[in-house]
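Asks: Encoded as structure tokens, here's the structure I'll be asking about.
Please treat every number below as a calculation from the coordinates, not as lab data. In this text the structure is predicted, and so the values were computed from the model without any measurement. Note: ideal-geometry Cβ built from the backbone for every residue, glycine included; neighbour counts use all protein chains shown.
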Amino acid sequence: MRRVFVIVLLHLFAKATAAPVIGRPKTLKPQAKPRVAVLPASAYLSPTYYLKSCPNLEGIIHRKVNAWVKKDYTIAPSIIRLHFHDCAVRGCDASILLNHPGSERAADASKSLRGFALIDEIKAEVERQCPKTVSCADILTAAARDTTVLAGGPFWEVPFGRKDGLVSLAKEANAVPQGHENITSLLSFFDKLGLTFVDLVVLSGSHTIGRSTCASVKQRLFNFKGTGKPDPTLDSKYSNLLKKQCRFDTTYVNLDATTPRTFDVAYYQNLGKKMGLLSTDQLLYSDSRTGSLVTLMATQPEFFSSQFAVSMVKVGNANVLTGKNQGEIRLNCNNVNH
Ligand code: HEM
Ligand SMILES: *[C@@H]1O[C@H](CO)[C@@H](O)[C@H](O)[C@H]1NC(C)=O
């Protein structure tokens with residue numbers, strides 16, 4: 001019975017999340033010109049994009065990511081987050097990697113992003129083997145896939161062919177959700193990336209690994225909405241523990257309180273126990289638009305895993321630059337070419 005229910009749901013979600021291959025205008029004017037198929041930019045991406053021009057690309061990325069994760073496991077979630085913050089602003093165009101005053105990377109909201117040095121090291125090796133060929137945006141996207149797999153998450157084919165952007169503005173990075181938003185504003189932010197409530201719930205599941213600085217949660221712990229008390233939607237034992245851990249803004253706490261190193265559905269289960277670290281995590285459970293999907297995820301690890309792969313491809317395709325006249329292949333991920 002339960003299985004049938006899940007299969008039906010799977011079909012519904014597959015329909016809701018399948019990307020159209022050919023985009024059509026929403027309304028056709030009465031005397032429309034002969035119709036030309038308008039492909040979304042992401043349709044120009046392909047897993048075989050570098051097959052001839054850089055056949056070792058995925059091997060290079062895989063080896064570097066492996067070596068770094070072996071030395072420091074915490075780099076895995078940080079790369080996944082870095083990829084999200086790239087795609088969330090101006091699409092997946094490596095704008096987050098540009099390192100100059102006033103860039104996204106210099107924004108307050110980007111303070112705890114890390115993993116830049118790993119991307120730089122991959123890029124240097126890729127430039128040696130395939131000069132002026134592979135974008136930083138593609139490298140970051142593939143690295144996020146590899147770190148997911150190393151963390152115990154699913155594998156998926158990465159479509160390639162993104163160009164690197166030329167513009168990066170700190171104020172745009174500050175619009176990326178910080179954990180204090182309501183579900184309405186998260187849904188509208190995701191909508192602009194072509195992502196649905198399913199993607200919101202599923203991708204928030206990456207908080208099953210990784211850490212947050214105490215700065216992102218201190219209001220919830222010490223002075224919720226000016227009451228001088230913790231957020232009442234937080235389990236009291238859990239909030240007491242966090243209060244002890246969070247004496248400094250820069251201290252890290254685990255996003256998944258029970259299994260912080262395992263890519264599993266414990267994150268969703270914890271939300272049912274008032275143990276979501278970020279208020280946005282906890283709201284996914286209590287909001288009527290997302291709550292039933294959270295509850296479903298809590299008992300369906302295979303659904304979570306397979307849908308995570310689907311949603312990661314979607315976020316990686318968000319507002320990408322493709323084609324001859326868009327963006328460039330950056331030589332160094334930190335700067336635009338001159
Ligand atoms: C839905 C809105 C989201 C909000 C409000 C949010 C918020 C946050 C916050 C506040 C942190 C901790 C930052 C700090 O160090 O203080 C964090 C960490 C993280 N986020 Fe999200 N996030 C969201 C969506 C996503 C998505 C879509 C992904 C991946 C596709 C993601 C992946 C991660 C990962 C892996 C970490 C841990 C990073 C690390 O350990 O270095 N998040 N997120
Ligand atoms: C959600 O947050 C936005 C932006 O802060 C605000 O304008 C809106 O009123 C909030 N909506 C609800 C339903 O609380």
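Asks: Please give me, ordered by residue number, the trypsin sites (Lys or Arg not before Pro) of region 40-70 that lie in loop per DSSP and have at most 11 other Cβ atoms within 10 Å.
Replies: Lys52
Asks: Also, I was wondering about something else. Testing the spin-label approximation: label points 7 Å from Cα along Cα→Cβ at Phe189 and Leu241. State their distance in nm.
Replies: Computed distance between label sites Phe189 and Leu241 equals 2.6 nm.
Asks: Given all pairs of different Cα atoms, what value in angstroms does the Kirkwood hydrodynamic radius of the chain take? List each step's numbers first, then the result.
Replies: Details: mean 1/r = 0.0477 Å⁻¹.
By the Kirkwood definition, the hydrodynamic radius is 21.0 Å.
Asks: Taking θ = phi - 60°, what integer Hz values does the Karplus form 6.51 cos²θ - 1.76 cosθ + 1.60 yield along region 125-132, in sequence order, with x for Gly and Pro?
Replies: 5, 5, 5, 4, 8, 9, x, 6
Asks: If r is the Cβ-Cβ distance from Val36 to Phe155 and R0 is 30 Å, what FRET efficiency results, to the nearest 0.05?
Replies: Values: r = 36 Å, r/R0 = 1.21.
Calculated transfer efficiency: 0.25.
Asks: Taking Cα pairs under 8 Å and at least six residues apart, what relative contact order does region 184-253 come out at, in percent?
Replies: Contact order relative to length: 29 percent.
Asks: Roughly how many nanometres apart are two label points built 7 Å out from the Cα toward the Cβ at Thr133 and Leu331?
Replies: Between Thr133 and Leu331, the simple spin-label model gives 1.8 nm.
Asks: What is the gain in length, in nm to one decimal, between Lys225 and Thr48 on full extension, counting 0.36 nm per residue of separation less the C-alpha to C-alpha distance?
Replies: Working: separation 177, 0.36 × 177 = 63.72 nm, distance 5.09 nm.
Result for the pair: 58.6 nm of gain on full extension.
Asks: Can you tell me which of 190-200, 306-316 comes out highest on packing, and rank the rest after it, using the mean Cβ neighbours within 10 Å? Could the numbers behind the result be given before it?
Replies: Numbers: 190-200: 18.5, 306-316: 21.6.
Ranking, from highest mean packing down: 306-316, 190-200.
Asks: Moving on. Taking the Kirkwood radius as the inverse of the mean 1/r across Cα pairs, report the Rg/Rh of region 198-338.
Replies: Details: Rg = 18.3 Å, Rh = 16.9 Å.
Using only Cα positions, Rg/Rh for region 198-338 is 1.08.
Asks: Please state the relative contact order of the chain as a whole percent: Cα pairs under 8 Å, 6+ residues apart? Spell out each step's value before the answer.
Replies: Details: 533 pairs, mean separation 79.2, N = 338.
Computed value for the chain: 23 percent relative contact order.
Asks: Considering only DSSP states other than H, G, I, E and B, which GluC sites (Glu not before Pro) in region 115-171 qualify as loop sites with at most 15 other Cβ atoms within 10 Å? The partial results should precede the final answer.
Replies: Details: sites: Glu121, Glu125, Glu127, Glu157; in loops: Glu157.
The qualifying sites are Glu157.
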